[in-house]
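Student: Quick one: this structure, given as structure tokens, is what I'll be asking you about.
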Amino acid sequence: MAELVLGLGTSHTPMLSLDPQYWHLMGEADKNNPELVSVPDGELCSYEELLERADPNIPKHISLEKFEAKHKAIQKAIATLTQTLEEAAPDVAVIISDDQDELLFEDNMPTYSIFWGDNYPLMPYNREGSDSPIAQALAAGWGDVEMDVPVDSGLGRHIIEYMMEAEVDVAQFRRFRADYGGSVARLYPSVHGGESSFVKETPPRPFTMPHGFSFVIKRIMNNSPIPIVPLFQNIYPPNQPTTKRAFNIGRALRGAIESWDTGKRVAVIASGGLSHFVVDEELDQMALKGMQEKDPEQLYNLPRHRLNSAASEIRNWIVASGATEHLDMEILDYVPVYRSPAGTGGGWAFARWM
């Protein structure tokens, strides 16, 4: 039978591939980000509204000197993840991530989906004619080499069939359309009461591998990927999974891997998170503590209203935590980066289960 031998967790923000002297540019861009949510109530708000509520001590964390130290720590953690994967030498990696207006839209938004084709095309990130530092960082972090990433379709199919036998419903796909586009409403509570009305529209365009998966190929596997199985987890309401569901999906994933009739060694890799586009250090520490202490109840009870917007990616890590209960978690680093006085930025985290 197969064996689950390793778990990795990594953030995948463009900041990880952006020179720290340009981090302030992302802070400036946050002023126009329509998906900012306030901490700790998780309500959608404008940058100006967020600034009014922000801790006045946040500016103390914003300087080139501090950015350079944090950038150095981040690169060290990523290098450790790469080395760990190389030394463990698994035969296949199940990558757990999400889709952000890339392939999945309101015409079909499954809570969980597994790709099990023979390979997964990766297109270089489209800079759209821009040579800005941020555009270069997106390409450096999310893919700059066109390739067909090998997929272990046998494991992918086995996971799907195991999940269905275990009464865990998952969607599946193994083909691509020529173009992808559509709309996704951000159905978050608003500081003005009720629900936000923001809908992001994406014009149809060719697209293949979402950035959460391509980051692993580019930065963790150094563009030399082992076979993968992509597991998509939805981050948008109204069909976001609960954290309990995410943890138990992880448990079922381990069951599927260990019942796979091969001698292969398998890794699981969670890509995304932790809190962003606004830093929520308290939430991040609650999640990391629950995962490191193997405490499902603490993870089940994470405040769901604080998992709105991009902080929902914490669920990707919770799936990996559920799959690796038999392994011990080592937090390589947790690097909260405030890139504006309003508290925008993220809690970037890196960990391994061995």
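Student: So, Asp107, is that one closer than 19 Å to Val216 by Cα, surrounded by fewer than 16 Cβ atoms within 10 Å (Cβ to Cβ) and at pLDDT 95 or above or not?
Tutor: Values: closer than 19 Å to Val216 by Cα: no; surrounded by fewer than 16 Cβ atoms within 10 Å (Cβ to Cβ): yes; at pLDDT 95 or above: yes.
Taking the combined requirement at face value, the residue does not satisfy it.
Student: Now a separate question. Which residue pairs have Cβ atoms closer than 9 Å, lie 6 or more positions apart in sequence or on different chains, and pair a first residue in segment 162-190 that is among the basic types (Lys, Arg) with a second residue that is loosely packed, with under 12 Cβ neighbours inside 10 Å?
Tutor: Arg186/Ser197
Student: Are there any pairs, at least 6 apart or on different chains, whose C-beta atoms fall under 6 Å, with the first in segment 272-288 and without any contact (Cβ under 8 Å) to a residue 24 or more places away in the chain and the second buried (at least 24 other Cβ atoms within 10 Å of the Cβ) and of a type in the set (Gly, Ala, Ser), and if so, which?
Tutor: As it stands, the answer is none, since no pair meets every condition given.
Student: Got a number for residues in segment 315-345 being under 27 Å from Glu49 (Cα atoms) and assigned to a loop (DSSP other than H, G, I, E, B)?
Tutor: 5
Student: Do the conditions hold for His305, that is, is it assigned to a loop (DSSP other than H, G, I, E, B), in contact (Cβ under 8 Å) with a residue 24 or more places away in the chain and surrounded by fewer than 17 Cβ atoms within 10 Å (Cβ to Cβ)?
Tutor: Details: assigned to a loop (DSSP other than H, G, I, E, B): no; in contact (Cβ under 8 Å) with a residue 24 or more places away in the chain: yes; surrounded by fewer than 17 Cβ atoms within 10 Å (Cβ to Cβ): yes.
When the stated conditions are applied, His305 does not pass them.
Student: Follow-up question, since we're still on this one. Can you pull out every residue in segment 201-210 that is surrounded by fewer than 15 Cβ atoms within 10 Å (Cβ to Cβ) and part of a strand (DSSP E or B)?
Tutor: Start the filter on segment 201-210 by keeping residues that are surrounded by fewer than 15 Cβ atoms within 10 Å (Cβ to Cβ), which leaves 201, 203-206.
Scanning segment 201-210 gives Glu201, Pro203, Pro204, Arg205.
Student: Have a look at Asp118, Asp98 and point out the one that is in contact (Cβ under 8 Å) with a residue 24 or more places away in the chain, crowded, with 20+ Cβ neighbours inside 10 Å, in contact with a helix residue (DSSP H, G or I) (Cβ under 8 Å, 6 or more places away or on another chain) and not aliphatic (A, V, I, L, M).
Tutor: Within the list Asp118, Asp98, the selection yields Asp98.
Student: In segment 8-33, what count of residues is obtained for those that are outside any helix (DSSP H, G or I) and surrounded by 20 or more Cβ atoms within 10 Å (Cβ to Cβ)? If you could, list the steps in order and put the result at the bottom.
Tutor: Quick first cut of segment 8-33, residues outside any helix (DSSP H, G or I) only: 8-13, 18-19, 33.
Okay, now just the ones that are also surrounded by 20 or more Cβ atoms within 10 Å (Cβ to Cβ), so 8-13, 18.
Number of matching residues: 7.
Student: Pick from segment 141-151 the residues that are surrounded by fewer than 23 Cβ atoms within 10 Å (Cβ to Cβ) and touching a helix residue (DSSP H, G or I) at 6+ places or on another chain (Cβ under 9 Å): which of them is nearest to Thr262 (Cα to Cα)?
Tutor: Across segment 141-151, the extreme among qualifying residues is Met147.
Student: Before we move on, is Glu52 surrounded by fewer than 18 Cβ atoms within 10 Å (Cβ to Cβ), more than 24 Å from Met354 (Cα to Cα), over 17 Å from the mean Cα position of the chain (by Cα) and among the acidic types (Asp, Glu)?
Tutor: Working: surrounded by fewer than 18 Cβ atoms within 10 Å (Cβ to Cβ): yes; more than 24 Å from Met354 (Cα to Cα): yes; over 17 Å from the mean Cα position of the chain (by Cα): yes; among the acidic types (Asp, Glu): yes.
Spelling it out, Glu52 is indeed surrounded by fewer than 18 Cβ atoms within 10 Å (Cβ to Cβ), more than 24 Å from Met354 (Cα to Cα), over 17 Å from the mean Cα position of the chain (by Cα) and among the acidic types (Asp, Glu).
Student: Which residues, counting only those in segment 165-195, are within 23 Å of the chain's Cα centre (by Cα), under 25 Å from His305 (Cα atoms) and at pLDDT 95 or above?
Tutor: Val170, Ser183, Val184, Ala185, Arg186, Leu187, Tyr188, Pro189
Student: Can you go through Ala137, Ala89, Ala93, Ala171 and tell me which one is small (Gly, Ala, Ser) and either farther than 30 Å from Asn248 by Cβ or in contact with a Lys or Arg (Cβ under 7 Å, 6 or more places away or on another chain) (or both)?
Tutor: Values: Ala89 fails: either farther than 30 Å from Asn248 by Cβ or in contact with a Lys or Arg (Cβ under 7 Å, 6 or more places away or on another chain) (or both); Ala93 fails: either farther than 30 Å from Asn248 by Cβ or in contact with a Lys or Arg (Cβ under 7 Å, 6 or more places away or on another chain) (or both); Ala171 fails: either farther than 30 Å from Asn248 by Cβ or in contact with a Lys or Arg (Cβ under 7 Å, 6 or more places away or on another chain) (or both).
Answer to the check: Ala137.
Student: Going through Gly250, Gly290 one at a time, which residue ends up being under 20 Å from the mean Cα position of the chain (by Cα), surrounded by 21 or more Cβ atoms within 10 Å (Cβ to Cβ) and farther than 25 Å from His211 by Cα?
Tutor: Details: Gly250 fails: farther than 25 Å from His211 by Cα.
Being under 20 Å from the mean Cα position of the chain (by Cα), surrounded by 21 or more Cβ atoms within 10 Å (Cβ to Cβ) and farther than 25 Å from His211 by Cα holds for just one of Gly250, Gly290, which is Gly290.
Student: For segment 217-262, give me each residue that is in a loop (DSSP other than H, G, I, E, B) and aliphatic (A, V, I, L, M). Before you say what the answer is, go through the steps one by one.
Tutor: In the first step, residues of segment 217-262 are kept if they are in a loop (DSSP other than H, G, I, E, B); the result is 221-227, 234-242, 259-262.
Within segment 217-262, Met221, Ile226, Ile235 meet the criteria.
The values are calculated or read from the model by the stated rules, or taken from the named source; none is laboratory data. Bear in mind the structure is a predicted one, so any value in this text is a computation, not a measurement. When we count neighbours, we look across all protein chains shown, and the Cβ atoms used for this are built from the backbone with ideal geometry, even at glycine.
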